[in-house]
C-alpha cells in the first residue's frame, strides 16, 4: 500500500478532487466504478479507464501499465495513491464511508485494506483464466514487448500470486542484517 505524494510537494495540500483509474476490462472493477458513482461524494470522484488515451493525456508521468495491475487514484494536486491507500482515499471521498476510511487508515486497518486489495487481485486473476490483457499470461516478469510471462506474479515486499495456489506471503530474509519493516 503506497501513497506517493510526489516527493513531498503535495504534502499538506487539500484534496478537492480525485481521479480513479480503473480497469475497464475487469467486471469487478466496472462494478465498483458503477457503485462509486452512485454514492454521495464529499470529494468529487472522476472515473477514467486505466491505460486509456485519456489517462495518458491527463497523467503523462504515471506508469500506465502498473495502473492496470493495481488500483491507482490521483489527487487534483498530483498526489498518487496505489493499492490499499487508493481504496482508503476513495472511501474517504464518500460521505457514508469516510468513517470507515479513517478506521482503515490505522496500521491494523491498513493491513485489512491490503488483504482486500490482494483478494480482489486474486479474483481478477481467476476470472482472466491466467491470461492478461494484450495476450500475455498474468504474472511473471515483464518482457521487452510489454507482456507478462510465466504464471506467477511476485512483488518485492514478499507477496506472490500463482493462479494455482492464490496469494502467499514469504517475508524477505534478514541475512544481510537489514530487515524489511512491516507495513
Note to self: I'm trying to understand the selection: among the residues of region 6-34, which are modelled with pLDDT of 90 or more and farther than 19 Å from residue 83 by Cβ?
What the structure shows: 16, 17, 34
Notebook entry, point to check: Are there any pairs with C-beta distances below 6 angstrom linking a residue in region 95-119 that is more than 22 Å from residue 17 (Cβ to Cβ) to a residue that is at pLDDT 75 or above and not in a helix (DSSP H, G or I), with the two at least 6 apart or on different chains, and if so which?
Noted result: 117/83
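The values are calculated or read from the model by the stated rules, or taken from the named source; none is laboratory data. Since the model is a prediction, treat every value here as computed from it, not as a measurement. Virtual Cβ from ideal backbone geometry, glycine too; neighbours counted across all protein chains shown.
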